[in-house]
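To keep things clear, I will list the structure first and then write my remarks on it.
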Amino acid sequence: QNGNGYEFTRYYTRDTYRFNTLNSLQFNDSISMLHDQLVVVGGVRFDRYLVNSRTGLYNANGYRAGERLTEQRVSPHTKSVATSYFPIPALGVYLNYSQGFAPQSDENPWLGTRGPVFSTAATQRSGGVRFRLLDGKFVGSLGYYSTVEAGRLTSLSILTTINQLWTDLGRSDRLLPTATTVVDDTLDYKGRGYEFDLTGNIGQQLRLKFNFALPQTEQVSQWPQTLEYFAANLPAWQAGAADPANPNRVRITNSIASLSNTLSSATVGRALNGTYKWRANVFATWQVPRVKGLSVGGGANLFG
């Protein structure tokens, strides 16, 4: 439909096809020794993760301008092992080590020399004591854990600013792909803390469950590749801003300031949002006397 000399129409700007495949193979085993006083369990897992994607590209008039094909492959292998040892029936110790991963994929540019990261890597260590008191009426544990998650995907909307800098310096060979306006990088997290849990059978009708945790979290890395890219290219950008023969030196200065302001918000050492200082849960179940199969329960979740 036309109006006031303008023609209104509809056109495509992008279409995407993606196919994800995840195949896994795992082996597990357990060993019991010393009349079940010592138990060891462990396993290893092999994964193959494949992403095939195609993105159609269109120009401002809606005409097809090519396509981008992407294939991503990761083949992580993870393992875990845990053991518990009860030298006496009432008291024992446990240790655990485990690894994990989560696949992730995208089509945005990555900066720096490391290249893209297509899966997160997690490791966890924990240990503590377990106890059985009063002939098993009370069972519980007290332990410490430490976990790290590395390579979590994150994005920054700085691609347009970077390309503007290279354009103003006459370096079209350094331009980044413009299918999106963001670049990708990673975050690394660390968590640790103490946990206590207790289950008690108080008489024949009442069961009580209680646990308490003191978690701590920390962001140990943020945007490492983008910060590396910025530091490596800053001297060339600053030279352009200081060049009196460059007519774009003011815009170059402003672009550098914009990037510097964005990257200065990278916070290493901060606690993750939503981390509680402590958490506790309590729940009790009461078996109604002389009514078979009927019980009543109630509890509370407490957040520090």
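Neighbours of PRO76 by Cβ distance under 12 Å: Lys/Arg scored +1, Asp/Glu scored -1, total +3. For segment 229-304, the spread of Cα coordinates along the three principal axes comes to 96, 19, 17 Å, biggest extent given first. Which FRET efficiency, nearest 0.05, do LEU57 and ALA236 yield, Cβ-Cβ r, R0 51 Å? Using R0 = 51 Å, I get an efficiency of 0.95. At q = 0.14, 0.18, 0.20 Å⁻¹, what log₁₀ I(q)/I(0) does a Debye calculation on the Cα points of segment 74-199 give, no solvent, two decimals? Taking Cα atoms of segment 74-199 as identical point scatterers yields -0.76, -0.98, -1.09.
Size of segment 145-304 from its Cα atoms: along the principal axes, largest to smallest, the extents are 95, 28, 21 Å. Comparing TYR145, TYR97, TYR12 in a Gaussian network model of the chain, where Cα atoms under 10 Å apart are tied by springs, the biggest mean-square fluctuation is seen for TYR12.
Given R₀ = 35 Å, FRET efficiency for ARG270-ASN211 by Cβ-Cβ distance, to 0.05? The pair ARG270/ASN211 has a calculated efficiency of 0.85. When the charge dipole of the chain is built from unit charges on Cβ atoms (+1 for Lys and Arg, -1 for Asp and Glu) and taken about the Cα centre, the candidate among THR275, THR123, VAL220 whose Cα reaches farthest toward its positive end is THR275.
Take every DSSP beta bridge whose two residues both sit in the chain; close to 100 percent of them are antiparallel. Averaged per residue, the chain has 63 square angstrom of accessible surface, using a 1.4 angstrom probe with ligands and nucleic acids left out.
Among GLN219, GLN204, GLN238, determine the one that fluctuates most according to a GNM of the chain built with springs between C-alpha atoms less than 10 Å apart. Maximum among the listed residues: GLN204. If r is the Cβ-Cβ distance from PHE131 to GLU228 and R0 is 45 Å, what FRET efficiency results, to the nearest 0.05? So, using R0 = 45 Å, E works out to roughly 0.35. Size check on segment 1-146: the Cα extents along the three principal axes, sorted descending, read 90, 32, 28 Å.
Within straight-line reach of LYS79, meaning a Cα separation under 16 Å, sit the following aspartates and glutamates at least 8 residues removed in sequence or on another chain: ASP29, ASP47, GLU149. Binning at 20 angstrom from zero up to the longest distance, how are the C-alpha pair distances of the chain distributed in percent? Reading upward from the zero bin: 21, 41, 26, 11, 1. Listed by chain and number, the aspartates and glutamates whose C-alpha is less than 15 Å from the C-alpha of LYS137, apart from same-chain residues fewer than 8 away, are ASP197.
The values are calculated or read from the model by the stated rules, or taken from the named source; none is laboratory data. Owing to the predicted nature of the structure, the values given are computational and were not obtained by experimental measurement. Positions of Cβ are generated from backbone atoms using ideal geometry, with glycine treated the same way; all protein chains shown enter the neighbour counts. For accessibility, only protein heavy atoms count, side chains too; no ligands or nucleic acids. Shrake-Rupley method; radii C 1.70, N 1.55, O 1.52, S 1.80 Å.
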